[in-house]
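Chemist: Starting off with a structure, shown below.
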Amino acid sequence: MAAKRLAFLIPAVLCLLSGCGYHVAGTVNTLPTNVKTIAIPAFGNTTTRYKLGDQMAAALTREFITRSRYRIVADPGEADAVLTGSVINFFAYPTVFDPTTSRAAGVQAIVQLQVTLRDHASNKVLFSRPHMDFRQNYEISTDAATYFDESSMAMERLSRDLARSVVSAILENF
């Protein structure tokens, strides 16, 4: 009886010890080992939305500092890699209307951008996404007395979402 238990227990223990090959998300780094510093200059902005490119670059800088071991610098000449981007389009359209006034009560903002990470020395593309879309919904007060423009806070949330997504994609090469 003990021999049967032992015959079952040994393979089970060996299977557990062999591992399954999975890893915790965010622990893989697919960038070359020579990359120690990344420059993130302000993004270009071809839209009419004021300072949107600056906001995206700032959010990416914060996310890289928070989630990676890379030193972030402003000057591309001091970096091993340079992350550039451009806000291509900005759309905002109503999604919810107040039934009483027929005024917009909810808006969806869509930001389209392109992002490229290049090795500074070789100019080799390490990561590229020529078309990325990010969306954020926000509400508009229909009462003029209590109106508060939430669009800037929505762009802040969108920038954080974008930064999480881009940094994850770069670090894990998705």
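The values are calculated or read from the model by the stated rules, or taken from the named source; none is laboratory data. Quick caveat: nothing in here was measured; it's all calculated off a predicted structure. Don't worry about glycine lacking a Cβ; one is built from the backbone with ideal geometry, like all the others, and counts go over all protein chains shown.
Chemist: Could you list, in sequence order, all residues of segment 142-157 that are hydrophobic (A, V, I, L, M, F, W, C) and either at pLDDT 95 or above or outside any helix (DSSP H, G or I) (or both)? Break it down stepwise before answering.
Modeler: Going through segment 142-157, the residues hydrophobic (A, V, I, L, M, F, W, C) turn out to be 144-145, 148, 153-155.
Selection gives Phe148 alone.
Chemist: Can you report the number of residues in segment 40-49 which are out of contact with any Gly (no Cβ under 8 Å at 6 or more places or on another chain) and assigned to a strand (DSSP E or B)?
Modeler: As a first pass, look at segment 40-49 and keep what is out of contact with any Gly (no Cβ under 8 Å at 6 or more places or on another chain): 40-41, 46-49.
Those left that are additionally assigned to a strand (DSSP E or B): none.
Number of matching residues: 0.
Chemist: Scan segment 1-58 for residues that are among the charged types (D, E, K, R) and either at pLDDT below 90 or closer than 30 Å to Tyr93 by Cβ (or both) and jot them down.
Modeler: Step one: filter segment 1-58 for residues among the charged types (D, E, K, R), giving 4-5, 36, 49, 51, 54.
Correct list: Lys4, Arg5, Arg49, Lys51, Asp54.
Chemist: Of everything in segment 112-142, what is under 14 Å from Val166 (Cα atoms) and touching a Phe, Trp or Tyr at 6+ places or on another chain (Cβ under 8 Å)? Give them in sequence order.
Modeler: Gln112, Leu113, Val115, Thr116, Leu117 - these are the residues of segment 112-142 that are under 14 Å from Val166 (Cα atoms) and touching a Phe, Trp or Tyr at 6+ places or on another chain (Cβ under 8 Å).
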